[in-house]
Amino acid sequence: MASLETKFAGLTLKNPLVAGSSGLTNSLNKIKDLEKAGVGAVVLKSLFEEQIESHSEKLSLSSDYPEAIDYINTYVKMNHVGNYLDLIRSAKAACNIPIIASINCYKLSQWTEFAKNIEAAGADAIELNIFLLNAGEFPDNYPEEFHQNVVRELKKTIHIPIIVKMGKTISNLPGLVKKLKALGTNGVVLFNRFYQPDIDIDKEEIVSGPVFSNPSDFNDTLRWTAIVSGKVPEFDIACSHGVHSWEDAIKGILAGASAIQLCSMLYQKGPGIVGDVLISMEKWMKQHRYKNLSEFKGKLNYTNIASPALYERVQFMKYFSNFKQ
Ligand SMILES: Cc1cc2nc3c(=O)[nH]c(=O)nc-3n(C[C@H](O)[C@H](O)[C@H](O)COP(=O)(O)O)c2cc1C
């Protein structure tokens, strides 16, 4: 029988399918259902610094006393963080799979404070959901430096594995991943999917775009997984954004991923799809005579193929010059 066991960011997973951070991972019952469905690990819904602050700000507006405002701020923050830590503790007590916490902050001091508490609550690892878009207000290199500063600070504070969930807007992705690896980051997720804006042309208003990814989003994820896997060897990548089938999961591993994060597919098809994906992956491995994932992980990454340009822009010209309607 083929083994689907994998190692990702210092954790041993019984298989590479990881439930990505979302509303599907924000309660103990949902986490237990995902474990029962067969996922190898769960990333909890992110704890957002802004969410906590906006709650305390709303409450603070109703008071004229600075002491009361301070008290409300501290209380709301403790309560939010407390609930999150309770979820980690209860998930750890009830489940056997790794439980990865997730935080999204913008102040460096908050990243380290949350992370310390999360480690103490027993999380197996922490995923940093860094959402930083440079719309021109930061110096050119600011997002890259911010990623490194957060990791540098956290490495001084906690000992559990640190995973960085990357956005797609980094100008030199392999270069930054190399630096994050050197700072002691244990793995990266390629990629997060940020809020998608759209325009309502009747109302002439900005509205929310599609919440879920499409299968066509996967090809870019695959390209960067292959490039980063080739250029930053011996480093763990979780492929995410656009995984909608068992074939995508196999492709992600061939490109160099150690784990595969699922989110939109779980929303759209339900946790039951996990079992089907695992059965099909195992069947494919048997057909291709692979006994374990390491036998084909990265086989088609950037450095293991004869023409790395196949992952690059040169293909663009070929593709469009051959395209016939
Ligand atoms: C409803 C919803 C809520 C999400 N919440 C979070 C979150 O709290 N933290 C986070 O890091 N990512 C969050 N994500 C992003 C997913 O974890 C994932 O990275 C993204 O959807 C791309 O993967 P997919 O193509 O499998 O959906 C959310 C996604 C969705 C659809």
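The values are calculated or read from the model by the stated rules, or taken from the named source; none is laboratory data. What you see is a predicted model; the values in this text were computed from it and never measured. Cβ coordinates were reconstructed from backbone atoms using ideal geometry, including for glycine residues, and neighbour counts include every protein chain displayed.
Computed quantities for the displayed model
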read-out	value
Segment 221-236, residues that are surrounded by 11 or more Cβ atoms within 10 Å (Cβ to Cβ) and either away from the ligand (no atom under 14 Å from the Cβ) or at pLDDT below 95 (or both)	R223, A226, I227, V228, S229, G230, K231, V232, P233, F235, D236
Unmet criterion (only one of (1) on the phi < 0 side of the Ramachandran plot; (2) modelled with pLDDT under 90; (3) out of contact with any Pro (no Cβ under 7 Å at 6 or more places or on another chain)) for N134	(3)
Residues satisfying the stated conditions in segment 273-289, i.e. buried (at least 19 other Cβ atoms within 10 Å of the Cβ) and away from the ligand (no atom under 16 Å from the Cβ)	L278, M281, M285
Residue count for segment 10-30, restricted to those that are within 15 Å of the ligand (Cβ to nearest atom) and not β-branched (V, I, T)	11
Residue list for segment 171-204, filter: crowded, with 19+ Cβ neighbours inside 10 Å and aliphatic (A, V, I, L, M)	L173, L176, V177, L180, V188, V189, L190
Filter result for A249 (part of a strand (DSSP E or B) and in contact (Cβ under 8 Å) with a residue 24 or more places away in the chain)	no
Residue match in segment 289-303 (condition: under 21 Å from A41 (Cβ atoms), part of a strand (DSSP E or B) and modelled with pLDDT of 95 or more)	yes
Tally, over segment 255-272, of residues that are farther than 21 Å from I99 by Cβ, in a helix (DSSP H, G or I) and either in contact (Cβ under 8 Å) with a residue 24 or more places away in the chain or away from the ligand (no atom under 12 Å from the Cβ) (or both)	3
Exclusive hit being more than 23 Å from A259 (Cβ to Cβ) and assigned to a loop (DSSP other than H, G, I, E, B), set E145, E153, E137	E137
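Here is a yes/no grid of residues against (1) part of a helix (DSSP H, G or I); (2) at pLDDT below 95; (3) surrounded by fewer than 20 Cβ atoms within 10 Å (Cβ to Cβ):
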{"site": "K7", "(1), (2), (3)": "no, no, yes"}
{"site": "D33", "(1), (2), (3)": "yes, no, yes"}
{"site": "K36", "(1), (2), (3)": "yes, no, yes"}
{"site": "K58", "(1), (2), (3)": "yes, yes, yes"}
{"site": "Y75", "(1), (2), (3)": "yes, yes, yes"}
{"site": "H80", "(1), (2), (3)": "yes, yes, yes"}
{"site": "I88", "(1), (2), (3)": "yes, no, no"}
{"site": "E113", "(1), (2), (3)": "yes, yes, yes"}
